[in-house]
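For reference, the structure is listed below as structure tokens.
The values are calculated or read from the model by the stated rules, or taken from the named source; none is laboratory data. Remember, predicted model here, so these are calculated numbers, not experimental data. Quick reminder, even Gly has a Cβ in these numbers, built from the backbone with ideal geometry, and neighbours come from all protein chains shown. All accessible areas refer to the heavy atoms of the entire protein, side chains included, with ligands and DNA or RNA removed. Shrake-Rupley method; radii C 1.70, N 1.55, O 1.52, S 1.80 Å.
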Amino acid sequence: MADTAPHQADKRPSRYAESQERLAALGRFARFVAVVLVVVVVLWQGAISLLDIEPFVAPDPLSVGQALVQETDALAVALAYTLRSTVGGVALALVLAVSIAGLFTLSPLLSRALLPLIIMLRTAPILAIAPLLILIFGRGQTTSIVVVVIVSFFPIMVNAARGFASPKANALELMHVCGASWWQTFTRVRVPFALPFIFTGIRMASAGAVLSAMLAEWLSGAPGIGTLILEASSFRKLPLMWAGVVVSMITATAIYGLTVWMERRLSR
Amino acid sequence: MTEIAISGVSKSFSLGKGEIQALADIEITFPSGSFTALIGPSGCGKSTLLRLIADVFPPTTGSIRVGDHGPDAARLSHEIGFVFQDPTLLPWRNVVENVRLPAEVAKIAPRRDPAALTTLVGLAGFEEARPSQLSGGMQQRVAIARALALDPKVLLMDEPFGALDEITRQRMNMELLRIWKESGATAVLVTHSISEAVFMADTVVVLSANPGRVSEVISVDLPRPRRLDLMRDARFNSYENKVREALFGDDMKVPA
């Protein structure tokens, strides 16, 4: 045989080398985070000492750290609440967005009928419809989840629709010639080709998901980290408020990092 | 057996507001078990004709018969194997899994053993390889094995080796002839290589463009099995010249 391909062993590094590589990358990342943390704390403390900022404007890192330790329980309960809204909302948005984008592959007519409605939902400012949502869904978790769904739905749907349309005409013709049903073509060709696109959508949605869950709490008073920050502020518990801010920032970054990692794993 | 009869077929596509006619008044029969090459300038509708036989879309007018029934019934009873210009393999499946795909979709047992087919196309030992680990020629071999998985009565090929280099292509053509002979299928090959058409086919159908029509049908009366030294034969060259004449006509005499 003349047309030989490079054997797989030549192309890919061994398992061991690969895991070593990953460990080293993790180490580099941990060092990077540690350096950033130290720099932030030093700058923070430095600014407060140098500029003589009063504790009721901005507390020093130590008292925020103390608040983090002392109020761990309250913070954890609030964070768990907000996380449930975020994850539940993104999961529900994912199911809805992928189903609707899937339906679009069935008929172009359907997409022309549904898209304007979806875009209307997208352009309506969430702040404007939130009071309405609170009226309908109450002041509990449901409203938070619905807000997260509304914000997360669009990026996932747009990317999923692009992904479902991404297989080449030949791949679809192949399935047709094999006598495949719409469902078989969908599950065996369109879904696998769309997965990287869908993960891009999840990544884009997750960036705003924590924010929108907290926003919903501000408006409805549901007991999550958003409400914790707001209440700590009105009771002048500034260290607790800042602790809440730190926790929510770390959470949002962690969720984003997780989706980036999942996306990269998948597209390899 | 499986004769393909095309009578009075035309095909138009709507393009925005306008309409273009890809094929007009096509009237050909491909005898059972024969090997036919379709050749013509780009835009002559040769790929369209192949897709009409495979029931990818229906003809605008006219009728097509594949064996005893229409193309739709032939497709649904898995009598048609199709090889595209690019291999069109599913990248997350290995070689054998790709070959098994038609049987999976049809929800029947493969009519030919996927592992044996992989060996038949010269890929023994590569059963577990992913498409990305194979060269272009090897990927196209997988596509041929996949087309044969349900032992089709009709084998349709749309410039299957068009993207390959001349040397690989020549070798693949030899193997394709061997595989076709062994399968007994009625084969239709779309090509834009004159020598490939003459070397492979019993009949070369020359199409002209705008709209696509059959301009000439040349039967190639050369013995089988065909070997590469046939290409040095004077008869081979005269068939090539006939096809060239049919393709270019009076343009042959125009100075460049």
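Quick check: the distance between the Cα centres of region B:1-75 and region A:218-268, to the nearest angstrom?
62
What does the buried accessible surface come to for A and B, summed over both chains, with the probe at 1.4 Å? Round to 100 Å². All intermediate terms of the calculation are to be shown ahead of the outcome.
Working: alone 16870 and 12120 Å², together 26510 Å².
In total, chains A and B hide about 2500 Å² from solvent.
Over the protein assembly as shown, with every protein chain in place, what whole percent of the accessible area is carbon and sulfur at 1.4 Å, could you tell me?
Carbon-and-sulfur percentage of accessible area, whole number: 63.
Find the centroid of the Cα atoms in region A:88-132 and in region B:139-212, then give the distance between the two in whole Å.
Centre-to-centre (Cα) distance: 46 Å.
Mind checking the mean number of beta-carbon atoms from other chains within 10 Å of the Cβ atoms in B:217-230? Could the numbers behind the result be given before it?
Details: counts 0, 0, 0, 0, 0, 0, 0, 0, 0, 0, 0, 0, 0, 0.
Taking the mean over all residues of the peptide, I get 0.
Rolling a 1.4 angstrom probe over the protein heavy atoms, how many square angstrom per residue are accessible across region B:181-227?
Details: 1850 Å² over 47 residues.
Result: 39 Å² of accessible area for each residue.
Anything in chain B that counts as a DSSP H helix reaching 24 Å or more along its axis (C-alpha) with Kyte-Doolittle mean of at least -1.0? List them, would you?
The answer, listed by residue number, is B:166-183.
Only helical DSSP H runs with n ≥ 4 go in: add -39500 (n - 2.57) per run for the protein assembly as shown, normalise by residue count and round the 222 nm mean residue ellipticity to 500 deg cm²/dmol.
On the way: 20 runs with 306 residues, N = 524.
When only DSSP H runs of four or more count, the value is -19000 deg cm²/dmol.
Between 0 and 90 degrees, rounded to the nearest ten: what's the tilt of helix A:238-266 against the longest Cα principal axis of chain A?
20
Using Cα atoms only, what is the angle between the long axis of helix A:141-164 and the major principal axis of chain A, expressed in degrees (0 to 90) to the nearest 10?
Result, in degrees: 30.
List the relative contact order of region B:98-177 as a percent without decimals, with contacts defined as Cα pairs under 8 Å and 6+ residues apart.
Working: 68 pairs, mean separation 28.4, N = 80.
Relative contact order for region B:98-177 comes out at 35 percent.
5 Å is the cut-off here: which amide hydrogens, built 1.01 Å from N in the peptide plane, fall below it relative to B:SER12, excluding neighbours closer than 5 in sequence?
HN-HN under 5 Å from B:SER12: B:ALA22, B:THR60.
Please compute, for peptide A:165-176, the average count of beta-carbon atoms on other protein chains lying within 10 Å of each residue's beta-carbon. Walk me through the numbers on the way to the answer.
Details: counts 0, 0, 2, 3, 3, 8, 5, 2, 8, 13, 5, 7.
That average works out to 5.
Put simply, what bits of region B:69-104 lose 40 Å² or more of accessible area when the other protein chains are there, versus the chain on its own (1.4 Å probe)?
Buried by 40 Å² or more upon assembly, which counts only protein chains, are B:ARG75, B:PHE84, B:ASP86, B:THR88, B:LEU90, B:TRP92, B:LEU101.
So for chain B: antiparallel DSSP bridges make up what percent, rounded to the nearest 5? Before the final figure, lay out the partial values.
Numbers: 21 of 40 bridges.
Of the beta bridges lying entirely in chain B, close to 50 percent run antiparallel.
Give me the 1.4 Å probe accessible area per residue for region B:31-120, excluding ligands and nucleic acids, in Å². Intermediate values should be presented prior to the final figure.
On the way: 3230 Å² over 90 residues.
Roughly 36 Å² per residue, with all protein chains present.
Across 20 Å bins from the origin, how do the percents of Cα pairs in the protein assembly as shown run, short distances first?
Pair shares across the bins are 18, 37, 25, 16, 4, 0.
Can you tell me the accessible area per residue over region A:91-153, all protein chains present, probe 1.4 angstrom, in square angstrom? Please report the intermediate quantities before stating the final value.
Values: 3570 Å² over 63 residues.
Accessible surface, normalised per residue, equals 57 Å².
May I ask you to derive the relative contact order of region B:1-85, considering only C-alpha pairs under 8 Å and at least 6 residues apart, and to give it as an integer percent?
The normalised contact order for region B:1-85 reaches 34 percent.
Quick check on packing: order A:148-157, B:130-139, A:180-189 by the mean number of other C-beta atoms within 10 Å, highest mean leading. Mind dumping the intermediate values first?
Values: A:148-157: 24.0, B:130-139: 18.9, A:180-189: 16.0.
In decreasing order of mean packing, A:148-157, B:130-139, A:180-189 become A:148-157, B:130-139, A:180-189.
Rounded if a/c is under 1.5, else prolate if a/b is larger than b/c, else oblate: which is chain A, with a ≥ b ≥ c the root eigenvalues of its Cα gyration tensor?
Details: a/c = 3.35, a/b = 1.41, b/c = 2.37.
In terms of gyration-tensor shape, oblate.
Quick one: 3J(HN,Hα) in Hz for region B:152-157, Karplus 6.51/-1.76/1.60 with θ = phi - 60°, rounded, Gly and Pro as x.
x, 8, 10, 10, 10, 10
Please tell me which of these pairs span more than 25 angstrom C-alpha to C-alpha: B:LYS11/B:LYS181; B:LYS46/B:LYS153; B:LYS107/B:LYS181; B:LYS11/B:LYS107; A:LYS168/B:LYS242? Display every interim value, and only then the final one.
Numbers: B:LYS11/B:LYS181 32 Å; B:LYS46/B:LYS153 20 Å; B:LYS107/B:LYS181 27 Å; B:LYS11/B:LYS107 32 Å; A:LYS168/B:LYS242 37 Å.
In this structure, B:LYS11/B:LYS181; B:LYS107/B:LYS181; B:LYS11/B:LYS107; A:LYS168/B:LYS242 exceed 25 Å between Cα atoms.
Could you tell me the relative contact order of chain A? Use alpha-carbon pairs under 8 Å, at least six residues apart, and round to a whole percent. Can you show the working numbers first?
Values: 268 pairs, mean separation 63.8, N = 268.
Relative contact order for chain A comes out at 24 percent.
Please check region B:163-184 for residues whose accessible area, probe 1.4 Å, is lower by 10 Å² or more when all protein chains are in place than in their chain alone.
B:THR168, B:ARG171
Can you list the HN-Hα couplings for region A:221-227, worked out from phi with the Karplus curve (6.51, -1.76, 1.60; θ = phi - 60°), rounded to whole Hz and with x for Gly and Pro?
3J(HN,Hα) across region A:221-227, in whole Hz: x, 5, x, x, 5, x, 5.
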